[in-house]
Amino acid sequence: MLLSAAAAGIALDRLFPIPDARLREVSTVVSDRDGAPLRMFLTRSGRWRLASTPDAVSPNYLTMLVAVEDRRFWSHPGVDPLALARALAQRVHRGRAVSGASTLTMQVARLLEPRPRTLRSKLIEALRALQIEAHWSKREILDAYLRLAPMGRNVEGIAAGSLAWFGKGPEHLSDAEAALLVALPRDPTRLRPDRFPARAAAARARVLRLALGQGAIEPAALPSALAAAVPAARLPLPALAPHLAERLARGAPADGRVATTLDAALQRGVELQLAAALADLPRPVTLAAIVADWRSGAVLARAGSADYFDARRLGAVDMTRALRSPGSALKPFIYGMAFDGLEAHPGSLLRDAAARFDDYAPHNFDGTVSGDVTAREALQRSLNLPAVTVLDRLGPVAFTERFRGAGLRLDLGTGDAAPALPIALGGVGTTLDTLVEAYMGLADGGAAVPLRERPDPAGRPGAVAAAPLFGRDAADAVTDILLGVVPPQGSGAQPGRIAFKTGTSFRFRDGWAVGFDGARAAGVWMGRADGGSCACAGASAAAVLFRLFDLLPPAPLPPRPLSAGFAGPPPAALVRLGPAGAPAAEADRPHIDFPIPGSRLLVDAGEGREVKLAASGGLRPYRWLVDGRPIDSRPFARDAAWTPQGVGFFTVSVVDASGHEDRTAVRVVAREAP
């Protein structure tokens, strides 16, 4: 008989296995570096349900739960005979149910497989409880209850309930909070504190008094716990870093937990700062930002837009990863590579004046020119013409190849496009991710550190890119220059706190600001997600950047001692820099090659007496004059044609784009007829 019963039990166990599908379906939770949730996602069935373990729950909750719901939980086999006998006796004596006999294991059976509350259901739950106890440990049973206990509407489990009603994790519950979460699963609809506060308070008081009778709380703690207010509303569940959370959630493991390197408090601060900045921006414009530890590459905060839910701003688009023109934000790396290759020196003189590089004629942002400037001043003032001159000497192909070798992406557009000089002023596509990585490399001595959002299980620092952008001496020289950039107006910061650079793309489509202090790097992008013009400038992005650094603990960036090669004056070969291949003297002033001074020019009598003029050096376009009167010439040509009006002495002058002049005196003599 016993063997038959055992065989029947085994057969039933195999025919009707424990229905644990609901237990396996949990919300995906993307958490910060300390385990605090950044964002949670509903389960497929529309529930907020988080995995939790007894170790992650405050002991007072567990003590109250067992004391009030199932005193003999740790010893009974799933059904408590003593509680069952007491419940039956009370029903016979009073004619109604006074106390329940459901154990926590039986409640887990009901939560796994919900049924109408009938005597038949109770019997099935009891059988399931015996089955569960045969397969699961007591800890696993408690885990299941902590995950599935109803907490009102679509909130289930102690972790989700604690967040929804108290805005914190279950490991820090007070006695009053723990008691409410013990009581709520008994009737989660009628005991919701936001709708029925009096009922919720009464149920909580009953749990507290039962817990006191079982020795689960101290008598001195009871008055304050009874007097505590119940929650007036269900709190919104965390929804930080929505773009990053959605991306990482797509690859979430079975337990739904995705850990990141982010700092939840900093992430919240960054999002609030970006949202506040929107008040001064027209509706299509948005912002994106990244803050990272430049020593390890760990991302501390990432905001793909300033308002994820603003459809007019296309807030759901992650603009930290979108290809845009960087404007002048790449200039520090042009100078850094030139310093590294001894193509330039911080003290080298560059000519800030109109110039033409074959078919490319750049101009400064404000349309002005400054004449001779040092490389240091040119970078600090973000002058365009000197930067193009330096890139011309360095070579745009060499520049882009160095970026590629460091693992940094520069997009040239079509596959057959060749790197060209407009790169210096933003004629290339890149992302905020890439720019922040590049500036982290600048902060770390030239070796770019890739951004990472997931913690390394071994606790190792971030991987360094295969090839550095440039050496430490060049990186220190550029950092020293950027430390002298004037902070944005109204920031209250003094120069030297943050090394930073701004950028503004063509037609003001994008405004950038990227910088670093002694520990963190940060970048801000401003613009329209649809790529439209928006009057966005780097100076506006810099104001937001400095507000983000104000959220961080102070980490001064100490002055970088310059190497001997950069601390003193530039060597003779680098005193003055001109376009690639141009001698320094030619790059300085124009020179009339023909006619030579004092020459006698023989011209035929009559109409059409033409003399060819030629010059070199200086900065084109040239302006030709004879005796102070201009003559026609082709734009940017080195030569011109002059038709003398008669014979005699004349002064021929050429003036270059920077205002430098050369002149020569000649005599025109009529050729005698044969």
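The values are calculated or read from the model by the stated rules, or taken from the named source; none is laboratory data. Being a predicted model, the structure only gives us computed values, none of them experimental. FYI the Cβ positions are ideal-geometry reconstructions off the backbone, even for glycines, and counts take in every protein chain you see.
Structure notes:
Each row is one residue, and each column tells you yes or no for (1) touching a residue at least 60 places away in the same chain (Cβ under 8 Å); (2) not basic (Lys, Arg).
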site: Arg620; (1), (2): yes, no
site: Arg623; (1), (2): no, no
site: Val626; (1), (2): no, yes
site: Arg629; (1), (2): no, no
site: Trp642; (1), (2): no, yes
site: Gly648; (1), (2): no, yes
site: Val654; (1), (2): yes, yes
site: Ala657; (1), (2): yes, yes
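- Taking the criterion of being of a type in the set (D, E, K, R), surrounded by 18 or more Cβ atoms within 10 Å (Cβ to Cβ) and part of a loop (DSSP other than H, G, I, E, B), the residues of the stretch 308-352 that qualify are Asp318, Glu343.
- Reported count of residues in the stretch 277-296, each being in a loop (DSSP other than H, G, I, E, B) and modelled with pLDDT of 95 or more, is 1.
- Against the list (1) over 25 Å from Gly578 (Cα atoms); (2) of a type in the set (A, V, I, L, M, F, W, C); (3) touching a Phe, Trp or Tyr at 6+ places or on another chain (Cβ under 6 Å), the condition Met337 fails is (1).
- Filter result (surrounded by 14 or more Cβ atoms within 10 Å (Cβ to Cβ) and closer than 17 Å to Ala670 by Cβ) within the stretch 627-650: Trp642, Pro644, Val647, Phe650
- Top-ranked residue of the stretch 1-34 - restricted to ones that are touching a Ser or Thr at 6+ places or on another chain (Cβ under 6 Å) and surrounded by fewer than 18 Cβ atoms within 10 Å (Cβ to Cβ), ranked as modelled with the highest pLDDT: Arg33
- Leu557 being part of a loop (DSSP other than H, G, I, E, B), of a type outside the set (Phe, Trp, Tyr) and modelled with pLDDT under 95: yes
- Of residues in the stretch 240-265 being among the hydrophobic types (A, V, I, L, M, F, W, C) and surrounded by 20 or more Cβ atoms within 10 Å (Cβ to Cβ), the one nearest to Ala541 (Cα to Cα): Ala241
- Some residue of the stretch 332-342 being among the acidic types (Asp, Glu) and under 26 Å from Phe506 (Cβ atoms): no
- Residue that is touching a Lys or Arg at 6+ places or on another chain (Cβ under 7 Å) and surrounded by 16 or more Cβ atoms within 10 Å (Cβ to Cβ), where the choices are Thr431, Thr389, Thr400: Thr431
- Residues that are in a helix (DSSP H, G or I) and surrounded by 16 or more Cβ atoms within 10 Å (Cβ to Cβ), drawn from the stretch 215-228: Ala221, Leu222, Ala225
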